[in-house]
1. Which one, 164, 114, 101, is farthest towards the positive end of the dipole of the range 69-225 when Lys and Arg carry +1 and Asp and Glu -1 on their Cβ?
2. Please list, ordered by chain and number, the residues whose modelled amide H lies under 5 Å from the amide H of residue 166; skip anything fewer than 5 residues away on the same chain.
3. Let me know the volume per residue of the alpha-carbon convex hull for the range 72-167, in Å³.
4. Obtain the nm distance between the two label points defined at residue 51 and residue 158 by a simple spin-label model: each point lies 7 Å from its Cα along the Cα-to-C-beta direction.
5. Under the Karplus relation 6.51 cos²θ - 1.76 cosθ + 1.60, θ = phi - 60°, what is the ordered set of whole-Hz ³J(HN,Hα) values for the range 83-98, x standing for Gly and Pro?
6. Cβ neighbours within 10 Å, averaged per peptide: list 190-197, 89-96 in order, most packed at the top.
7. Which whole-Hz ³J(HN,Hα) couplings does the range 152-160 yield from phi under the Karplus relation 6.51 cos²θ - 1.76 cosθ + 1.60, θ = phi - 60°, glycine and proline marked x?
8. Can you tell me the length gained on complete extension of the stretch residue 130 to residue 223, counting 0.36 nm per residue apart and subtracting the Cα distance?
Amino acid sequence: MRASDAERERIAELLREAVAEGRLEMDEFEQRLETAYTARTHGELEPLVRDLPAPGTAVAPVGASAPAPLRGSAANWPARIGSTATSKGGFALWGGFNRKGRWTVSRKFTAFAMWGGGEIDLREADFEDREVVIRCIAIMGGIHVTAPPELNVDVRGVGIMGGFGEGPNEDGETVPEAPRVRITGLALMGGVGVERKRTKAERRRLKEAEEAERAVRERQRLDGPDAGPGGGGRKELG
């Protein structure tokens, strides 16, 4: 069956997601991407993602009914929900605490900082439950929460002579497969801030993927219209 431009772009997006997750090396990504943009049929597209899981599923579908892939750290959310909690809270008094990297957030997590600070990083975390409550109390201190752009986060805290709210957010859309995290509590003469951004490693991989894709498109442009997915086909000799 002939492949459409939309199907070629869907495969390209799955490849971009795979390189962002570290599943593909950059040279392999570039080769597969170039093949995707010059593919004419489903048979040429399918092998490019056969060994890659679609985000949240076991296979990478090609057909028109395939769901749009998720970006970055949103991938494979179902596998990140349901683990046993490794931490139920953090405490800082004249000091600090941090929870970051690979850890599992309990369904009810309490953070307290007085004359000190705390850092809660959810970008690589697993979650005990799909519904999570993080209660932050900062008294003349500060707590900073960092979440991936795709996570469903609801901020409902109160600030008294202080601040409790969201800061600058990186572009990204929340997805229904992700857990729902409610951040509540109190900031008294202190602050609780919530920021959405990707990890440095993920941003670097996405940037490299974008640069590789631009290089592929530029090569196709220089090769002429017959090389692109919308061209009229390869030239015949004779």
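The values are calculated or read from the model by the stated rules, or taken from the named source; none is laboratory data. What you see is a predicted model, and the numbers here were worked out from it, not measured in a lab. Heads up, the Cβs are rebuilt from the backbone with ideal geometry, glycines too, and the neighbour counts pull from every protein chain shown. Just the protein is used for accessible areas: all its heavy atoms, side chains included, with ligands, DNA and RNA removed. Shrake-Rupley method; radii C 1.70, N 1.55, O 1.52, S 1.80 Å.
1. The one lying farthest along the dipole's positive direction is 114.
2. Here the answer is 194, since their amide H atoms fall under 5 Å of that of residue 166.
3. Taking the convex hull of the Cα positions in the range 72-167, it is 86 Å³ per residue.
4. 5.7 nm
5. Each residue's phi maps through the Karplus curve to give 7, 6, 4, 9, 8, 10, x, x, 9, 9, 9, 6, x, x, 9, 8 Hz.
6. 190-197, 89-96
7. 7, 10, 10, 9, 9, x, 10, x, 10
8. Taking residue 130 through residue 223 to full extension adds about 28.6 nm, to one decimal.
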